[in-house]
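What follows is a single structure, written as structure tokens, with notes after it.
The values are calculated or read from the model by the stated rules, or taken from the named source; none is laboratory data. Owing to the predicted nature of the structure, the values given are computational and were not obtained by experimental measurement. Here Cβ is always computed from backbone atoms with ideal geometry, including for glycine, and neighbour counts include all displayed protein chains.
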Amino acid sequence: MTHDSDTDEPTGESTTSDTTTDSGGRLRDRPSVSAQTRRRFLLTGAGVGLGALALNASGPASAAAVEEVCNSDEYGSIDVADGFTLVDNQWGNSEADQCVWLNDDGSYGYDFDAAGGSGINYPEVICGTKPWGTDTGVAEFPIRRRDVEELVIDVEAEYTESGGEWDFAEEWWLMDQPPSQETGTHVYEIMLLLDWNDQHSHGAVQAETVWTDRFGNTVDHWTTYAGGGTDATFYIFRIQGGHDGGRIDLSEIVDYLTAEHGVDESLWLSGVELGNEYWEGSSGETTYNTFDVTINGTTYESGSGTDTPTPTPTETPTETETPTETETPTETETPTETETPTDTETETPTETETETGTPSGDALVVNDYDGDPAWSSNQNDLGQWCGAGSFENEGGDVQDGALVMEYDNAGWFVEQIGQDVSGYSDLVFVVSGANGGEEDEVLLDFGGARGLLSAFTDDAIGTSASTVTVDMDSAGIDPSSGGLSVRLNFWQGGASTLEIDEIRFE
């Protein structure tokens, strides 16, 4: 992420002015530039400019606008990708000079100059819904807080800001009802600051270093306001030192609010918004090269990294490598003495990492947690993405060939399948629990079937490793989708330790 402040006067393009009428109906002076390039310099009376961005050949100066909205009185917007809407949000200062735009390379952004007027504006991009009815067409939003197992954003942006107070902030809302049923039912506003200047402050930090997510972002709970601008309880978090670009795990915020502040799990999470708040005297420009949102295994992409300004969502997170086609274990050419698993066979891993208890014939191994590939690399034996979080031991630990997840009414787990498995009849877990009986505390979500694991199998989880088999047909699972993921949810009130030695299809 590139951020410049108080840069020199821009050079290299004509600054001869023409008077035009913007989409809000007001007359404005704007620089005359090449017909193939969008307006890219701020119109500041003080002459503050964005030379660093304008002269960056790999940045916005190398792209041309295909659509632009300026100073719209009715929250003018541009659909910048499938599921993403860029909004000319001048909710607090209609006198500021502000434009939002989409470039021909798929990048997009906005520029602003608040030399006039007062108040706060927030030009932003939205993925999902807002409490007042905005909907960008993402099927997963709004979503009940208790159903959020994975929520990750990936951000690469270039921005320059000068003058007054500003920040770069992500936020969402928690609502009593989804906007499609009733608007304006928001009870919480949640904001995460990715960056801010010295003029932006909320006083002493309420709770420092409340977590470090799996991508290395350390987060403070900065403050809580009893009523924000919309009378909702307003929680503000910040990334220590600011965000340098890359992924951020937002599910940590969801879990923290429930665990530490009693936020009801039945509330609806609106979606994800990202933009720049700015106050009087501030001027700046922001270009989004990447802004992706992953919600429960489905990734929506936007920015110049996509092939077109209107990309389709991908069903696998962007960190996934090309899947391998290996469908059977390769560690040994000789199967174990018994060709089919039994409940009494030695399911625990051996020092030689042989597939003990695993059929060597037609079984499709999803993950055997043998370190190849490593759990920490978020890749399973199918070459698909896998991950977990919100456990007492964070994202789980692999110990002696088993994934260990310590849960206390919290935790999510995902193994992406990414292929049609209709050639198999059973989903098989080789699993054990510290207490036994954990099948009544773990929720399974797979192929359109969702419920406690005990509702889909007659097998019980014991204190030593054994097979728990789910007959997919009896469970009402559709195994034919190419975007399948095996998901486990641990927010059912239980507390124990679950060890998974292997997941496979038979």
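Let's see how each residue does on (1) in contact with a Leu (Cβ under 7 Å, 6 or more places away or on another chain); (2) surrounded by fewer than 20 Cβ atoms within 10 Å (Cβ to Cβ); (3) among the basic types (Lys, Arg); (4) more than 25 Å from TRP412 (Cβ to Cβ):
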{"position": "PHE215", "(1), (2), (3), (4)": "no, yes, no, no"}
{"position": "TYR235", "(1), (2), (3), (4)": "yes, no, no, no"}
{"position": "GLY242", "(1), (2), (3), (4)": "yes, yes, no, yes"}
{"position": "ILE253", "(1), (2), (3), (4)": "yes, no, no, no"}
Got at least one residue in the range 171-181 being among the hydrophobic types (A, V, I, L, M, F, W, C), farther than 20 Å from THR230 by Cα and in contact with a Lys or Arg (Cβ under 8 Å, 6 or more places away or on another chain)?
-> no
Reported set for the range 157-190 where residues are surrounded by fewer than 19 Cβ atoms within 10 Å (Cβ to Cβ) and aliphatic (A, V, I, L, M) is VAL187
Can you tell me how many residues in the range 455-474 are out of contact with any helix residue (DSSP H, G or I) (no Cβ under 8 Å at 6 or more places or on another chain) and either in a loop (DSSP other than H, G, I, E, B) or not aliphatic (A, V, I, L, M) (or both)?
-> 13
Residue that is modelled with pLDDT under 95, surrounded by fewer than 19 Cβ atoms within 10 Å (Cβ to Cβ) and over 28 Å from ILE153 (Cα atoms), where the choices are ALA64, ALA57, ALA46 = ALA46
Scanning the range 130-146 residue by residue, those part of a loop (DSSP other than H, G, I, E, B) and more than 24 Å from ASN489 (Cα to Cα) turn out to be LYS130, PRO131, TRP132, GLY133, THR134, THR136, GLY137
Failed criterion for ASP501 (all others in (1) among the charged types (D, E, K, R); (2) surrounded by fewer than 16 Cβ atoms within 10 Å (Cβ to Cβ); (3) in contact with a strand residue (DSSP E or B) (Cβ under 7 Å, 6 or more places away or on another chain) hold) = (2)
Determine which single condition SER480 fails, assuming it passes every other condition in (1) in a loop (DSSP other than H, G, I, E, B); (2) crowded, with 21+ Cβ neighbours inside 10 Å.
-> (2)
Would you point out the residue of the range 94-120, among those that are among the polar types (S, T, N, Q) and over 30 Å from the mean Cα position of the chain (by Cα), that is farthest from ASP73 (Cα to Cα)?
-> SER118
Residue list for the range 78-129, filter: acidic (Asp, Glu) and either assigned to a strand (DSSP E or B) or within 17 Å of TYR278 (Cα to Cα) (or both) | ASP79, ASP88, GLU95, ASP97, ASP111, ASP113, GLU124
Looking for whichever is outside the structural domain of LEU250 (by TED's automatic domain parsing) and either surrounded by fewer than 21 Cβ atoms within 10 Å (Cβ to Cβ) or more than 21 Å from ALA363 (Cβ to Cβ) (or both) here; the options are SER432, SER464, SER485. Which one fits?
-> SER464
The residue that is nearest to the chain's Cα centre (by Cα), considering only those in the range 465-506 that are farther than 18 Å from GLY396 by Cα and among the acidic types (Asp, Glu), is ASP478
Residue hits (the range 363-389; part of a loop (DSSP other than H, G, I, E, B), in contact (Cβ under 8 Å) with a residue 40 or more places away in the chain and either in the same structural domain as TRP211 (by TED's automatic domain parsing) or hydrophobic (A, V, I, L, M, F, W, C) (or both)) are ALA363, LEU382
The one condition in (1) at pLDDT below 90; (2) in contact with a strand residue (DSSP E or B) (Cβ under 7 Å, 6 or more places away or on another chain); (3) of a type outside the set (Gly, Ala, Ser) that ASP426 fails to fulfil = (1)
